[in-house]
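Report on the following structure.
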Amino acid sequence: MLTSNSGMNSKTNIFVSFLVDIALGLLLISWLYRENRISKLADTLVPVADRVAKELQELLEWLMGAPAGLKMNRALDQVLGRFFLYHIHLWISYIHLMSPFIERILWYVGLSGCLGLTFALSILSDIVALLTFHIYCFYVYGARLYCLKIYGLSSLWRLFRGKKWNVLRQRVDSCSYDLDQLFIGTLLFTILLFLLPTTALYYLVFTLLRLVMVLFQGVIHLSVDFINSLPLFAIGLRICRPYRLAEGVKFKVLCQEPGTPLHLMMEINPLKCSSVLQCYRTPTYSCYPKDSWAALCKKLFVGELIYPWKQKTAKTD
């Protein structure tokens with residue numbers, strides 16, 4: 001009986017969550033299409049994108065100078081700065097090219113609220129990813145260049161110690177190098193070492209921007225997961241009819257006198273609110289962080305790309 005009741009409550013929780021999701025989506029649609037807010041949002045979007053691009057341009061110009069009094073490699077600094085500035089100019093041109101269609105796109109995106117608030121939030125996450133695609137490109141360029149130099153320096157450091165990485169056995173073995181190899185290795189090590197601070201500064205700045213975007217999208221993912229998994233029907237039963245969700249029973253002695261029958265009163269122990277959330281929470285297929293804090297810090301240090309969200313159903317080797 002308990003298993004059957006639990007299954008019924010789970011199905012009812014899914015149905016109630018679906019209805020609440022649709023209701024919240026319809027409220028969102030009514031708010032967006034009231035007082036012509038879609039047009040106001042479209043008129044605001046292009047100036048905001050231009051402002052973000054201008055801030056990035058000023059940031060790059062600051063990096064191309066002497067940021068915080070740091071002595072950078074002038075040639076590499078100018079090359080990287082102009083490379084990223086060119087991408088910003090391309091992004092501004094793209095935004096202005098799409099500006100006549102933004103209002104229509106937002107109008108159709110707003111209609112997605114009829115499929116539920118979670119659907120609209122998922123589209124919002126995709127829109128944020130598209131609007132910040134240039135920041136993602138900057139981060140990928142900086143991370144790849146920084147990672148290449150880190151692995152190059154580590155390989156050359158093994159060369160100085162008479163070591164090499166054995167690809168077949170996946171370990172570090174001893175190796176003897178001749179004078180020409182040591183000379184070329186010393187030359188390359190010196191070049192990479194002196195160019196590393198400039199690359200690391202660009203990588204640090206764009207990584208911080210990337211982490212801000214990841215954090216924002218993570219909040220959206222957690223909101224979608226919270227709406228989909230919240231057992232609203234079970235919580236309503238716990239508040240209105242707590243005896244429907246029983247954790248157990250307890251007996252209270254009413255009369256205990258010698259020579260008379262023992263009178264007991266049975267009382268139902270309702271589930272705690274935390275137990276209701278734990279037992280009746282609806283399983284979802286949303287994303288969750290796949291890296292621990294230690295693994296994330298290691299990836300940031302060596303310059304590996306950060307993709308902190310993956311599907312629960314994805315198989316890992």
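The values are calculated or read from the model by the stated rules, or taken from the named source; none is laboratory data. Remember, predicted model here, so these are calculated numbers, not experimental data. So basically every Cβ, Gly included, is an ideal-geometry build from the backbone, and we count neighbours across all protein chains shown. Side chains are part of the model used for accessible areas, which takes the heavy atoms of the whole protein and leaves out ligands, DNA and RNA. Shrake-Rupley method; radii C 1.70, N 1.55, O 1.52, S 1.80 Å.
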Report summary line: (1) open to solvent by 30 Å² or more (accessible area, probe 1.4 Å); (2) at pLDDT 90 or above; (3) among the hydroxyl-bearing types (S, T, Y) all hold for S174 apart from (2)
Query - I135 among the aliphatic types (A, V, I, L, M) and open to solvent by 30 Å² or more (accessible area, probe 1.4 Å) - result: no
**Report entry** Pair list, Cβ under 6 Å, 6 or more apart: the range 72-94 residue surrounded by 13 or more Cβ atoms within 10 Å (Cβ to Cβ), other residue aromatic (F, W, Y) and modelled with pLDDT of 85 or more
**Finding:** L80/Y202; F84/F138
Query raised in the report: Of all residues in the range 208-220, which are open to solvent by less than 20 Å² (accessible area, probe 1.4 Å) and touching a Phe, Trp or Tyr at 6+ places or on another chain (Cβ under 6 Å)?
Result: none
Query - Meets criteria (closer than 28 Å to Y146 by Cα and either more than 28 Å from the chain's Cα centre (by Cα) or surrounded by fewer than 12 Cβ atoms within 10 Å (Cβ to Cβ) (or both)) for Q57 - result: no
